[in-house]
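These notes concern the structure reproduced below.
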Amino acid sequence: LNVIKALRKDGFSEEVVLRAYELYSEELINLHVGQGLDIWWHSGKKQPNVETYLQMCAYKTGTLARLSAKLSALVAGGDAKQIEAFGRFAEAIGVAFQIQDDLLNIAGDKFAEKIAVKGEDIHEGKRTLMVIHATEHATPEKSKRLDEILRLHTNDQALINEAIEIMVETKSLEYAAEVAKDIVLKAWTELESILPTENQAKNRLRMFANYLIQRDY
């Protein structure tokens, strides 16, 4: 809100200021919806599919990045198409970051040193992209077992490792990493197409997109 108030003081038109308020209101609602869905799924009352999970990430983690990008494009004089493309690119970064964070939680040894227990997301019963993929591709017995462990909210490292092993067996970690890369690549391809002029800013965005696509979990 302070940013939007500053726009008025800096002499931006009423049209720009009004659109900024609209964007802020829209994204604040999205943020609350995404956070609410994530918490609801932790309870185990509903198992999301891949599509609804990615939409949750777009609302929860993608919102602040999307809002910042849209506001920046708006005040820079971008047209509606450019504003939306920048928003989707920033959203893709947010979603990819969320997936990467979830991957590190169960597969990153250095990350594990910073938390109480490796696989903390499993302790929380979090329905991550890897969990969804594993549930859909594991045998019925192992799919049921994974769900049971998530519902326990356990701190038992042996049980957490068992859940991780199910995800490893179904190649769910590799799947999630590829999804994250595809999301960023598609968003960058769209944005690049409407930024025909080659300049330092565009090159930096391209380098950033490539970094996100190529980094390992």
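The values are calculated or read from the model by the stated rules, or taken from the named source; none is laboratory data. These figures come from a predicted structure and were not determined experimentally. Counting neighbours? That spans all protein chains shown, and the Cβs are built from the backbone with ideal geometry, glycine included. Accessible surface is based on the protein model in full, side chains and every heavy atom, while ligands, DNA and RNA are left aside. Shrake-Rupley method; radii C 1.70, N 1.55, O 1.52, S 1.80 Å.
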Alpha carbon convex hull of the chain, volume per residue in cubic angstrom: 132 Å³
Segment E141-E198, length gained on full extension (0.36 nm per residue, minus Cα span): 15.1 nm
Residues of type aspartates and glutamates that K181 reaches as a straight line, Cα spacing below 15 Å, ignoring anything fewer than 8 places off in the same chain: E91, D101, D102, E190, D216
Cα convex hull volume per residue for region 136-213 (Å³): 121 Å³
Span-rule helices in the chain, defined as complete DSSP H runs reaching 30 Å or more along the axis (Cα) with Kyte mean at least 0.5: none
Calculated diffusion of region 39-167, Stokes-Einstein form, Kirkwood radius summed over Cα pairs, 4 °C and 1.567 mPa s, µm²/s: 81 µm²/s
Surface share of carbon and sulfur [accessible, 1.4 angstrom probe, percent] for the chain: 56 percent
With DNA, RNA and ligands ignored, accessible area of I29 (1.4 Å probe; Å², nearest 10): 110 Å²
Along the chain, longest interval not containing exposed GluC sites (Glu not before Pro), exposed being DSSP loop plus at most 11 other Cβ atoms within 10 Å: 1-112
Once exposed loop trypsin sites (Lys or Arg not before Pro) are cut out (DSSP; at most 11 other Cβ, 10 Å), longest piece of the chain: 115-217
Percent of Cα-Cα distances greater than 18 Å, calculated over region 18-92: 42 percent
